[in-house]
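Below you'll find the structure, written out as structure tokens, and then a few comments.
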Amino acid sequence: MLVSTVLNRRLVVLWATLCLATFSGSTALADRGLTAHPSDPLPFATGERLTYAITWLALRAGTAVMEADAMSPIRERPAVKLLTTARSSPFVSKFFPVENRVESVFDLGQLVPLRMIFHRREGRRKNDFDVTFRHAEGTVTSIKDGVEKTLAIPPETQDALTCLYYLRSLPTLVPGSGHVFNVHHDQKNYRLEVRVESLDKVTSPWGEVEALRILAIMPFQGIFLNEGNIRVWLTNDARRVPLQMKAKVIIGSIVASLTEATGTSPSR
């Protein structure tokens, strides 16, 4: 069945960007003055909740929710708990059920992940990850399905969820600029390139708004089955709200569109 084949291989390829994902990584090109500074005001706050409808060829493929929740400081440093859940629609679930949950503790002082827990349920594929980052030591301890590995990581490495929040925190995102990130995912280190392509008008829960169109060149499979380039649209303001994500597949494109937002809105 063509629908099954397409969605089975690339179902909602967008969450490496959300979680890219929707977009994943963290070390902007410092020599271009584009590194995020922890002292700068953050574009997101605790209480932010973003809901996305995922479609393919006008078919509702699923729903994803991204949340930023308050939590106690970690080692006397401010932190936030980031949570993303993604579920396939009842129709898609009949032949390829998806129910993923990713939780990450994000250090708001250094803008780096401290721990990520990822429960992946995609069709017959089931994995559980528990990843602890030790940035001062330059290592990560990753437990995948009960098997533990300790690996070296580059400075300021992100996980597959904190990446987008780090990207939103960059002080300068303008058409023509480019960034390279380090990301640790599935017990491997990757470099992710993102390019700010243009300014577009995008429909949002607040009406039509100006948005930055960003291309993410994905070198790995993300939180949904995901390998290939993804485009994401962020509001062109201080909040950098992710409005839409799109990835081409064999036929057409898979799109995640923001349908509901609480705890945030574009700056006027």
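The values are calculated or read from the model by the stated rules, or taken from the named source; none is laboratory data. In this text, all values refer to a predicted model and were calculated from it rather than measured experimentally. Note that we place each Cβ from the backbone using ideal geometry, even for glycine, and neighbour counts take in every protein chain shown.
For the structure I just gave you, tell me whether THR172 is hydroxyl-bearing (Ser, Thr, Tyr) and in a strand (DSSP E or B). So THR172 fails the test. If the condition is being among the hydrophobic types (A, V, I, L, M, F, W, C) and within 14 Å of SER169 (Cβ to Cβ), then segment 75-116 contributes VAL80, LEU82, PHE106, LEU108, LEU111, VAL112.
Cβ separations smaller than 9 Å between residues 6+ apart or across chains give the following pairs from segment 190-215 residues that are under 15 Å from ARG168 (Cα atoms) to residues that are of a type in the set (Lys, Arg): VAL196/ARG213; ALA211/LYS201; LEU212/ARG240; ARG213/ARG231; ILE214/ARG195; ILE214/ARG231; LEU215/ARG195; LEU215/ARG231. Could you look through segment 46-81, keep only residues that are among the hydroxyl-bearing types (Ser, Thr, Tyr) and surrounded by 13 or more Cβ atoms within 10 Å (Cβ to Cβ), and pick out the one that is modelled with the lowest pLDDT? Looking at the filtered set, the residue picked out is THR46. With respect to the conditions (1) in a strand (DSSP E or B); (2) buried (at least 16 other Cβ atoms within 10 Å of the Cβ), LEU164 falls short on a single one, namely (1). Total residues in segment 88-111 satisfying the condition of being assigned to a helix (DSSP H, G or I) and surrounded by fewer than 17 Cβ atoms within 10 Å (Cβ to Cβ): the figure is 3.
Among residues belonging to segment 64-87 that are of a type outside the set (Ser, Thr, Tyr) and not in a strand (DSSP E or B), point out the one that is farthest from GLU103 (Cα to Cα). Checked segment 64-87; the qualifying residue farthest from GLU103 (Cα to Cα) is GLU76. Of everything listed in (1) assigned to a strand (DSSP E or B); (2) surrounded by 17 or more Cβ atoms within 10 Å (Cβ to Cβ); (3) of a type outside the set (Phe, Trp, Tyr), the single unmet condition for GLU197 is (2).
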